[in-house]
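Shown next, in structure tokens, is the structure this report addresses.
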Amino acid sequence: MDLATMTAAIIADIDPTSTIIDDAEAERAVVKATADISRFIPLQKVYEFYTNFDVAGESWTAGAGPGDLVYLDNKFIKPGSEKVYNFIGTLMERGTDYLITYATGAITHILAGSIADDEVCTIDYKKSKIDIMLDDIWDELIRVTNVFIKRPYTPENQLTFGQWGTVLTVFGEESSTQTELPDGQPIVLFYEAAHTGPTDGEGEPPTGTSGTWPPFLDEVVVQNAEYYCLMMMSLYYAGLAGASATSASGLITGAAAGAIASATSANSISTIVTNTGTALGDSATAADESTTQAASAPALINKVNWGSNVPENYSRLAEVLAGATAVAHRSIAESNIGLGQLIVASTARHVDTANAASAAASQLVQTASIYTALSARLRSEANEKRAEAFGIYQDFSQWKPSNVTHSARQPIR
């Protein structure tokens, strides 16, 4: 099953409309599923090489100053096997002209020695006969399972070993103490490696490649990849639920503000009603005073002894003054009534706004609950798929015959 077929199967199973999971997301899930199957059922491979421990004439250039380290092409050099020559071919002396670290292959020149800064030198040496560098297979290596010194691959030719990083150290044959590897002999490493996932095809028609696992496990890898896609969908809906909850919180805050504004308007209405009553009372009082003044006018006629129509004029003046006061108070009362009506309308609008915001917030909370439930369901479905896939992987790895000996010192990466 190539990559295009696998991604199409994933999308068809869990998101046929491709609203959330597209080809790119499905391909990412396949990469993760490939890593999973590599942990349970790693790819079994063989690496063979011939030993050649002698290195002659390797060129190296001294550092810009004494003490600057320069690294040779190989690590784990056999101690005391090196011969270093300066630019003119004179044999140099360790400790006088240069210093070398055999485990790391680092070399540097000494200030009082015969090697100048940036001088081109050469070196002959022997590589360690008990250490094997794993650089060539490191990118795919999971663990080394067996090392054989020669054919046939029998227990008599099997070596015990240990590994530290990219260096595999041979301890010796099963029945002997540590021994050096022979020169010019084939060394065979059996190791477990990471699988290579499927690829898309090129050309017309496109022809992709399958993963390196057994073909009958393709559907299991698809199911494993679907776990990751379902988890992506679960996180997507969890994000929508969070966004809806945040929006609902904002609307609830707005509804609370509307309710506060409505209460404030109601308090204003109460104040205006009180002021209006006072103004109306003042208006009635002014009217009463006008009547009193008019009634008292005839009694004052004997006290006014000039002009004509004095009583009538005095009475008229009193009526006008009291009437003006009454009109002013009534006008204030009418203005307060008008303002009160406006505030009543504003209060109604605030109440309507608060109710609308509250209803919208309730809808968003309900939506958030739906998204949360959907996210949880997808997560549960994803975990079921992963558990089933991992169970199949474990059954297969237990069924697979294992007739290899794992070194006790062998680390698991």
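What follows is calculated from the coordinates using simple rules that are stated; it is not laboratory data. Note that the structure is a prediction, hence the values are computed from the model and not measured. In this analysis, Cβ positions are derived from the backbone assuming ideal geometry, glycine residues included, and neighbour counts consider all displayed protein chains.
In this structure, the residue pairs whose Cα-Cα separation is over 27 Å, taken from 45/385; 45/150; 45/126; 129/150; 32/75, are 45/385; 45/126; 32/75. Among 80, 96, 108, whose Cα sits farthest toward the positive end of the charge dipole of segment 54-128 (+1 at Cβ of Lys/Arg, -1 at Cβ of Asp/Glu, about the Cα centre)? About the Cα centre, the residue reaching furthest to the positive side is 80. Relative to the Cα centre, the charge distribution of segment 41-152, modelled as +1 at Lys and Arg Cβ and -1 at Asp and Glu Cβ, gives a dipole magnitude of about 740 debye.
Two numbers describe the Cα atoms of segment 54-128: Rg and Dmax, which are 10.9, 30 Å.
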